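Here's the structure, in structure tokens; my notes come after.
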Amino acid sequence: MLELAILGFLADGPLHGDELRRRTARLSSRFRPVGEGSLRPVIDRLVEAGLLDRRTEPGAATARQHTLSLTGTGHAELLRRLRAPDDLDISDSARYFTILAFLSRLPGPGDRRAVLRRRLEFLEQPRHSFHDADVEADGTDDPYRRGMLAVARAADHAERSWLREVTAEGAGAAKAPVRAQGPGVLARLAALTGGVLWRLSGSGRQLDANVIRLAPRARVAPHVEPDLDVLVYVAQGAGLLECDGERHELAPGAVAWLPHGAQRAVSAGPDGLAYLTVHRRRPGLTIRNAPPVSPVAEEGGEAACLLDRVCPDCGRLAPERGDRYCGRCGTPLSSP
């Protein structure tokens, strides 16, 4: 699946060969390490096929770097492979997780769900694997074999549960923000696909809260919240938080406090970033000498989170507040 990984990483923009190798190695490290010797012939093959463009940067012969970029044909091939993966791409875990890493590149949510349904159908078929009966049949009570079984069963159950939830709720449930009707479970993160946001609402609430999902490598530019302290909880993915000049790594389970008046910026890692922000509810508009609070903020959510600029389909953050359509997939952006 090296070819798909290369096409997927270059879909976000040109990369130097060394950076592409590092990203590919991180993606595949769980299954099969990737070295430069195995990556170079694959790149050469993709260049010869017209899927990649390779440009040599000027400089000394020993210091020259190659910059790789995706051609139009390469982008079309990436979408084709994601939209219609082979059966082996669905059944083999290493190949399937490579598909999953770049599935958000497909602009149509229906196409993405179709791929996930194929994986779910495969997982729910009778499996020729290591079940309880296999352990009991050979008459052994080996704790390590039983441990292997417990880990495999837990991973299988977690994946099937997630796939059932995502494929069952579908696009309609994912696109519409969940409105608070009362105490209880308000939203499930697995149902919120790339860029789809949830916002706490209700006239009597005392808090504002948002679920935000940034696409891979997306960035919320530096900004200042002058009035409110904000609590951030990272749910999925990884990234980097910059707060008043200090850099903090973000990982699932991390909790960050952003004091009012502090400048902050958030960058998503290669797998994207999903996080919850909570703060005291903003007061309504009042007549005073200072500039009035934006009416958008009164409805809930931290205005500095730039929620209206996140694409509801692919998760891309629009570079300008006045943008009306996503620059990657063309989806209309929500009105501010």
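The values are calculated or read from the model by the stated rules, or taken from the named source; none is laboratory data. Keep in mind that what you see is a predicted model, and the values were worked out from it rather than measured. Backbone-built Cβ (ideal geometry, glycine too); neighbour counts: all protein chains shown. What goes into the accessible areas is simple: the full protein's heavy atoms, side chains included, and nothing from ligands, DNA or RNA. Shrake-Rupley method; radii C 1.70, N 1.55, O 1.52, S 1.80 Å.
Assess whether PRO107 counts as being in contact with a helix residue (DSSP H, G or I) (Cβ under 7 Å, 6 or more places away or on another chain), over 18 Å from THR24 (Cβ atoms) and either in a helix (DSSP H, G or I) or not β-branched (Val, Ile, Thr) (or both).
Spelling it out, it is not the case that PRO107 is in contact with a helix residue (DSSP H, G or I) (Cβ under 7 Å, 6 or more places away or on another chain), over 18 Å from THR24 (Cβ atoms) and either in a helix (DSSP H, G or I) or not β-branched (Val, Ile, Thr) (or both).
For the stretch 209-222, give me each residue that is in a strand (DSSP E or B), open to solvent by 10 Å² or more (accessible area, probe 1.4 Å) and at pLDDT below 85.
ARG213, ARG219, ALA221
Show the residue pairs meeting these rules: Cβ distance below 7 Å; 6+ apart or different chains; first residue within the stretch 1-30 and farther than 13 Å from ASP271 by Cβ and touching a residue at least 40 places away in the same chain (Cβ under 8 Å); second residue open to solvent by 50 Å² or more (accessible area, probe 1.4 Å) and among the charged types (D, E, K, R).
MET1/ARG95; LEU4/ARG81
Restricting to the stretch 101-151, and then to whatever is open to solvent by less than 60 Å² (accessible area, probe 1.4 Å) and of a type in the set (Phe, Trp, Tyr), can you tell me which residue is modelled with the highest pLDDT?
So the residue we want is PHE102.
So the check is Cβ under 7 Å with 6+ separation or different chains; which pairs have a first residue in the stretch 222-234 that's closer than 20 Å to GLY269 by Cβ and a second one that's buried (at least 18 other Cβ atoms within 10 Å of the Cβ) and among the β-branched types (Val, Ile, Thr)?
VAL232/THR277
Return only the number of the condition from (1) closer than 26 Å to ALA25 by Cβ; (2) over 21 Å from the mean Cα position of the chain (by Cα); (3) assigned to a helix (DSSP H, G or I) that LEU68 does not satisfy.
(3)
Counting only residues that are in contact (Cβ under 8 Å) with a residue 40 or more places away in the chain and more than 14 Å from VAL230 (Cα to Cα), which one in the stretch 253-273 is farthest from the chain's Cα centre (by Cα)?
SER267
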